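Below is one structure, written out as structure tokens, with a few remarks after it.
Every read-out reported here was derived from the displayed coordinates using simple, explicitly stated rules and does not represent laboratory data. It should be emphasised that the depicted structure is a prediction, and the values quoted were computed from it without experimental measurement. Reconstructed Cβ throughout: ideal geometry from the backbone, glycine too, with neighbour counts over all protein chains shown.
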Amino acid sequence: MDFELSALLENDTWDMVPCPSNVSIIGSRWVFSVKLKADGSIEQYKARLVAQGYKQEYGIDYIETFAPVAKMTTVKLLIALSAMHQWPISQMDVKNAFLHGNLKETVYMKPPPGYSHSKSMVCKLKRSLYGLKQAPRAWFERFRQVIVDAGYVHSSHDYSLFMHNSPQGVTLLLIYVDNMLITGSNKEGIAKLKELLCRSFQMKDLGPLTYFLGLEVYSSSRGYAVNQRKYVLNLIQFANLSDDKCVDTPMEVNVKLRKEDGEKLSNPSFYRQLVGRLLYLTMTRPDIAYAVQVVSQFVADPRRLHLTAVLRIIRYLRGTISRGLFFSHPVCNCKLMQMLIGQVVLIHVAPPQVGVCFLVIPLFLGNARNRKQCPNPLLKLNTEQCLQHVVN
């Protein structure tokens, strides 16, 4: 609490003023949390002052609230580009990000608990604060202004992706609230960007990318491996399975689920929570995408048979915890691509040390009425044989 409070005061977050009459005063409270590392160990204990934004009135205390965040497809694309060009990816974190945003509206808040003050005084906020409805927008606007002034432009497809081109190379920055990924071919530009961020905000350099939004990233000379192992373990624990069984497939063969089949669940919210977590897992697990899409059709009125299908997916995950995506360098897959041109697209999705899964998508030649599938010996190969082709 002392560290957080000192950061608020150093950032000049508010001015103490006499309490005005006929003005809505919002409250505040301390929120305590534990930040964990990718392996589940404790990284730090955090205390954060949060404004009670639910008491704000639209048109008086706030107007616009929208702020863009990075799309997960952009995150994976950035990792794929880095693997393709063999760029290192570094990660940075903004300390007390929302406190850097400038408020346009006039907002009065009660002094935080534990802060000595006169009873007749209140805080007139100058900076955005966690809990305010407009806080994400205020922070992003401040960050965008700093980056744009440095010569960066945002992507028209994802406003959280900023790019800078120069004769020395390209620099890319992707931001998700207060977490940033930085990569590119311009090493000097990346160093200057980090210096700019450290001058403008309170930054923490986390070094090479290892953990981002639940994604565990492992880099090697062959490329980047991405999985959600810790997320899967937490999901299995949340499901509270009564057995230790594992299954080989996420769905039973030739089983069709219908809306009216089975008895209604007494607690449908549990089913919806499981499906929601599985949907987030499909980012790095394309092998469960179809099964999750099927069970997600019944979230409005789930039945016991539908829950059984969801638990089967989780039992499948229990036996394949470390599977994920693998983005390889061109040197590693050039021979594979020569074999696949005009035949199939094959995506290998994990290095040997964390498990391997293959997704094969056949391509067709000819028109829609008379399609002929390209003969391809790889379609008959198992995982180990495919890896042998890559190595040789």
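Annotations
- Two-site label geometry, Ser322 and Thr249: point separation in nm, points 7 Å out along Cα→Cβ: 2.7 nm
- Residues Ser41, Ser322, sorted so that the one with the fewest Cβ neighbours within 10 Å comes first: Ser41, Ser322
- Selection of GluC sites (Glu not before Pro), region 41-81, meeting DSSP coil and at most 16 other Cβ within 10 Å: Glu57, Glu64
- Protection proxy ranking for 250-263, 305-318, 158-171, using the average of other Cβ atoms within 10 Å per residue and placing the highest first: 305-318, 158-171, 250-263.
- The orientation-averaged projection of the convex hull spanning the C-alpha atoms of region 272-321 amounts to 3.1 square nanometres.
- Distances between every pair of Cα atoms in region 229-318, grouped in 10 Å steps from 0 to the bin holding the largest one, split as 17, 55, 27, 1 percent.
- Cross-link partners of Lys133 among aspartates and glutamates, defined as those whose alpha carbon lies under 18 angstrom from its own and excluding same-chain residues fewer than eight positions apart: Glu57, Asp61, Glu64, Glu105, Glu141, Asp178.
- Near Gln134, once Lys and Arg are set to +1 and Asp and Glu to -1 for all other residues with Cβ below 11 Å from its Cβ, the sum equals -1.
- In this structure, the amide hydrogen of Val177, modeled 1.01 Å from its nitrogen in the peptide plane, lies closer than 5 angstrom to those of Ala70, counting only residues at least 5 positions away or on a different chain.
- Under 16 Å of direct C-alpha separation, and excluding same-chain neighbours fewer than eight residues apart, Lys110 reaches these lysines: Lys55, Lys119, Lys124, Lys126.
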